[in-house]
């Protein structure tokens, strides 16, 4: 069940029968993104509140269709909310908002009266404006967002004009704003705060933890993160988060409309995903390696280019993406070469850091088992060779390149010999993974991978032994087709499990799935196509050899960054071991 299903199920259930809960708060946080701004009273006192029905009537008579799918989904949610008896007494008041490109500011907030003396303050997260995103990225350079002070002033004014207790609600940037602004309040005003709900909102700066204001509200903060959170893991958060299952994957999990619900509560997940942890660590390393001035300069250049395209909001980009991309390309070309090189260098550094961190996290997941899977061991050997100024990387490149040139001139049997070696390597890796599965008592994504790869290995072994005395070309072809088909099915199941486990889907994995499936079907329908097998293998080895050479070159160019990443991860491991 998701938010829309929940609203349909509980639309006629009053708060007297089912008290207001975290899902209700999340629904209201979602509708805070709908631009009701001109229709909500700006008076701070709740005496001037206006019913949601009247506000919606004014809004619906003037709004135009949006090109944003998400915005339309939120409008539908608002329409369902207006028609729900559960929210019939809902009234809005005390709107305040400002968007300024010059000040890098995007802020909006309003108060809600649910009836029965239940009052909320909603602070909007990042909307579709470029300036909203630019303000968010100030956090990446450890700078205070202008909206934080504005949120503090707003919250102070509302609490002074009303004596009600308040729930503070925010999603995304709004989650950071409700926590940060509440921590800066006068202690007397802090007593009016019932609880603070942050839905996938960034944490706060570590320096904030030590302030008396933060300590006063610390126990009132409830932090919710989807399992594959990318935004909520930014900055520091000393509160244990509630991890939520989501029907989305990767960055789409940020959208609360996709969060899973069990009756009146969000469905809890046991742990944060590997990708979420890796992304958070990669951002930390990026911030530690580059100076804050460099990071700020990077975002200033990027957003100045985006503004010059003539677009100001993502909704307008989605309505005419070709023009935006064309303008963006022209603006990038017109950048001074020094600025262009600076931007691409930092982008490349972040990509490199992310890749190394993810590889490290995968290795840690396998650390408790018999060892790395064979594919990871191979990557580790290649990386070790390219990172130690040894000739091994050149030798490996020559070997792969030589095989690439050599294979097309050999018989088909030689190609099957090479394939057999590759399949035996997969077999050994899979068997070891299967043993690890039975020894591993921890739950998680990796455990499911071990089971699938191990079962694959067992089937391959049985098939291989049953035909070892009949190694005819026909059997080899059928074995190869079986190999490709089974791996395509296996990879499909793995990708599905990745999706269910809230991990990001690998582009490489999807590409391999398609290529394995297509090749298997082609060879099954037309066995004669196997004669072209050497020409399929040759580019593979050639590309692999070229990649090894490139890895060697890349390491020589980025040696300092590679060493920084390695030392950072070692220090982080030691720190976690002592905690």
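The values are calculated or read from the model by the stated rules, or taken from the named source; none is laboratory data. It should be emphasised that the depicted structure is a prediction, and the values quoted were computed from it without experimental measurement. Reconstructed Cβ throughout: ideal geometry from the backbone, glycine too, with neighbour counts over all protein chains shown.
Looking only at residues that are closer than 16 Å to residue 289 by Cβ and loosely packed, with under 15 Cβ neighbours inside 10 Å in region 555-571, which one is modelled with the lowest pLDDT?
The qualifying residue modelled with the lowest pLDDT is 571.
Do we have any residue at all in region 62-70 that's assigned by TED's automatic domain parsing to the domain that holds residue 177 and either part of a helix (DSSP H, G or I) or within 22 Å of residue 8 (Cβ to Cβ) (or both)?
Quick first cut of region 62-70, residues assigned by TED's automatic domain parsing to the domain that holds residue 177 only: 62-70.
Checking the rest, the ones that are also either part of a helix (DSSP H, G or I) or within 22 Å of residue 8 (Cβ to Cβ) (or both) come to 69-70.
Yes; the residues of region 62-70 include at least one that is assigned by TED's automatic domain parsing to the domain that holds residue 177 and either part of a helix (DSSP H, G or I) or within 22 Å of residue 8 (Cβ to Cβ) (or both).
With the structure loaded, tell me whether residue 177 is modelled with pLDDT of 90 or more and assigned to a helix (DSSP H, G or I) or whether it fails that test.
On the way: modelled with pLDDT of 90 or more: yes; assigned to a helix (DSSP H, G or I): yes.
Yes, satisfied.
Of the residues that make up region 198-208, is at least one over 19 Å from residue 268 (Cβ atoms), touching a residue at least 40 places away in the same chain (Cβ under 8 Å) and buried (at least 21 other Cβ atoms within 10 Å of the Cβ)? Talk me through it step by step, then tell me what you get.
The initial filter retains those residues of region 198-208 that are over 19 Å from residue 268 (Cβ atoms), namely 202-208.
Then keep just the ones that are touching a residue at least 40 places away in the same chain (Cβ under 8 Å); that gives 202, 205.
Restricting the remaining residues to those that are buried (at least 21 other Cβ atoms within 10 Å of the Cβ) gives 202.
Scanning region 198-208 turns up at least one residue that is over 19 Å from residue 268 (Cβ atoms), touching a residue at least 40 places away in the same chain (Cβ under 8 Å) and buried (at least 21 other Cβ atoms within 10 Å of the Cβ).
Give just the number: which of (1) free of Cβ contacts under 8 Å to residues at least 12 places away in the same chain; (2) surrounded by 19 or more Cβ atoms within 10 Å (Cβ to Cβ); (3) out of contact with any helix residue (DSSP H, G or I) (no Cβ under 9 Å at 6 or more places or on another chain) does residue 269 not satisfy?
Single failed check for residue 269: (1).
For residue 98, indicate whether it is over 26 Å from residue 224 (Cα atoms), at pLDDT below 90 and either within 34 Å of the chain's Cα centre (by Cα) or in a helix (DSSP H, G or I) (or both).
Numbers: over 26 Å from residue 224 (Cα atoms): yes; at pLDDT below 90: no; either within 34 Å of the chain's Cα centre (by Cα) or in a helix (DSSP H, G or I) (or both): yes.
Answer is no for this residue.
So, residue 56, is that one in the same structural domain as residue 128 (by TED's automatic domain parsing), over 22 Å from residue 261 (Cα atoms) and at pLDDT 90 or above or not? Give the steps one after another, and end with the answer.
Details: in the same structural domain as residue 128 (by TED's automatic domain parsing): yes; over 22 Å from residue 261 (Cα atoms): yes; at pLDDT 90 or above: yes.
Spelling it out, residue 56 is indeed in the same structural domain as residue 128 (by TED's automatic domain parsing), over 22 Å from residue 261 (Cα atoms) and at pLDDT 90 or above.
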